[in-house]
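The structure under discussion appears below in the form of structure tokens.
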Amino acid sequence: MTIPKDQLIKELKDIVKPYIQNQEAYDNLSENTDFINDLKINSANLVDVILDIEDKYEIDIDNDSMESMINVKNSLEVILSKIKAV
Amino acid sequence: MNKRVVITGLGVVASNGIGVEAFKKAIKQGRSGIKYFPYLKELGFSCCIGGIPEISEELKREYLSELQLRNFNSNSILYGCIAGMDAWHSAGLTIDEEVDYNTGTVFGTGTSSVDKFRESIIKIDDHKVKRLGSTAVAQTMVSGVSAYLGGLLGLGNQVTTNSSACTTGTEAIMMGYDRIVAGHADRMLVGSCSDDGAYLWGGFDAMRVLTYKHNDSPTIGSRPMSATASGFVPGGGAGALMLESLESALARDATIYGELLGGHINAGGQRNGGSMTIPNDHAVQQCIKKAIQNAGIKPTDIDTINGHLTATKNDHVEIRNWTEALDLSGDKFPPINTLKSMVGHCLSAAGAIESVACVLQLNEDFIFPNVNCEDISQEILALVHQDQIPRQLINRKINIIAKASFGFGDVNGCIIFKKYLS
């Protein structure tokens, strides 16, 4: 299964929506957006974002991968690699 | 003038020592109580290490009767009763048939008997509600531990349980202090306990705040202030202190382990950088400053600090708050230690177990070593001199100790202990 990057970013944007605390950064979300510094997502909520990603793509995200998922770019990489592995 | 409050009894249950003597020996040696638990691995936990006190069946029966132990399934209440009764006995008090209307308890916990709760839920879902028996309520009500202690000891003053996450123990001490100062009680048994194991720790594992990097090396897993800190290690246990008005202690010629000068409890309102899980730094600093003010001391009077310091990557933030609140840094900063390097983070029990360690340091003039921080983080070294984070036991006269705890909900507590000189 492959998903075009544009579509993946759009889907990721929907996933993080409930957790963001900076609407402007959210509206301008790009590959370079950082979850905590830009979107102001509470660091404790990052695990919920990961769970929502796991549910959406039916993948398992290990601890080491999860540690890197603090921005859009790294998250896309992890999602893509896990989808390919399925 | 306000009543003075002294400590006349101590009790402790920790993974590196059960009972005051064993615990004192362990903390002087820097001995870890952290172990690997295969059942956590089996359940799919990322962090499979923790600090669980090992209580033998024999030891249980020194504190609770066969009848009390029937259908009993509670680590928090068991630890709390052992620590509480030890504090009672070390205070030279006896258990009588008469009610003691001058003594009460504030004994905190985060959850009560999470294992018993699980057992009850399984029975209910299995359509066997009658099988819960007569003690499911007493064990699972949050005030279970204070209710058990009240009955065991015949307490006739206030008998209650407080709960404020990882500040619980420190808050319980302050609540008992306030009650004695207000003249409502002569003695208050104060402290806290925590359940332990999978059903309490699961939520923390899911939050990824526990280390998953030391399943093969449990004793070096809890690394407060270290550059290689990777999350906290969960623990359980209980700590208890008998607080008493100075008049009452002198009148009965009790052994006095130290004085509680005062302290402060506050919250950060989950504002200004504070949240459910992260403290508001301004509130932390206010709490420390007000505790010092309440105790009537100066920052330079503090001989040693017992921090909260859990071994997440944010320990340097706590150190910065101490340096700013005290306006002391570098080699002027008092030596600071944390028990969590040995027993992990005992959650609602932490403040009480750590306060017992403080009173022992005060009474016997030592500073226990920090273990697992041979590589102090650079952010911390930028604030305080490395010698102020002792890695070896220090034998030195100790007059004043500041102890703080911080908890989820953005709640803070800071208390000040002083050596008692007759």
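Straight-line reach from B:Lys123: taking Cα to Cα under 30 Å and skipping same-chain neighbours fewer than 8 places apart, the lysines in range are B:Lys41, B:Lys60.
Spin-label model, B:Arg70/A:Lys17: points 7 Å from Cα along the beta carbon direction are separated by 5.9 nm. Counting other Cβ atoms within 10 Å as a rough exposure proxy, the listed residues B:Arg179, B:Arg252, B:Arg4 run B:Arg252, B:Arg4, B:Arg179 from fewest neighbours to most.
Take every pair of alpha-carbon atoms less than 8 Å apart whose residues are at least six positions apart; their mean separation over the length of chain B yields a relative contact order of 24 percent. By the count of neighbouring beta-carbon atoms within 10 Å, fewest first, A:Leu76, B:Leu260, B:Leu43 end up ordered B:Leu43, A:Leu76, B:Leu260. Neighbour counts of other Cβ atoms within 10 Å put B:Leu153, B:Leu10 in the fewest-to-most order B:Leu153, B:Leu10.
Placing a label point 7 Å from the Cα of B:Leu421 along the Cα-to-Cβ direction, the residues of the range B:300-327 whose backbone N falls under 19 Å of that point are B:300-304. Extension gain for B:Lys128 to B:Asn399 (0.36 nm times residue separation, less C-alpha to C-alpha distance): 91.8 nm.
A:Asn32 to B:Asp375: FRET efficiency via 1/(1 + (r/R0)^6), r the Cβ-Cβ distance, R0 25 Å, to the nearest 0.05? So, using R0 = 25 Å, E works out to roughly 0.15.
When the convex hull of its Cα atoms is viewed from all sides, the protein assembly as shown shows a mean projected area of 25.4 nm². Using just its DSSP H runs of length 4 or more, each adding -39500 (n - 2.57), chain B gives a mean residue ellipticity at 222 nm of -10000 deg cm²/dmol after division by all residues.
Look at the Cα gyration tensor of the range B:263-418: its axes a ≥ b ≥ c give a/c under 1.5, and that counts as rounded.
Other protein chain C-beta atoms within 10 Å of residue C-beta, averaged over A:56-63: 1. Of B:Asn370, B:Asn266, B:Asn16, the residue with the greatest mean-square motion in the GNM of chain B, using alpha carbon springs below 10 Å, is B:Asn266. Rounded to the nearest 0.05, what FRET efficiency is calculated for A:Ile3 and B:His385 with R0 set to 60 Å and r the Cβ-Cβ distance? Result of the calculation: an efficiency of 0.65.
Beyond 23 Å in Cα-Cα separation lie the following of the pairs B:Lys28/B:Lys419; B:Lys298/B:Lys397; A:Lys13/A:Lys84; B:Lys35/B:Lys397: B:Lys35/B:Lys397.
Roughly how many whole Å is it from the C-alpha centroid of the range B:123-153 to that of the range B:1-53? Spelled out, the Cα-based centre of one part sits 25 Å from the other.
Segment B:Glu364..B:Arg118, full-extension length gain: 84.3 nm, with 0.36 nm per residue of separation and the alpha-carbon distance subtracted.
Every number here is computed from the coordinates shown, using simple stated rules; none is lab data. All values derive from a computational prediction rather than experimental measurement. Reconstructed Cβ throughout: ideal geometry from the backbone, glycine too, with neighbour counts over all protein chains shown.
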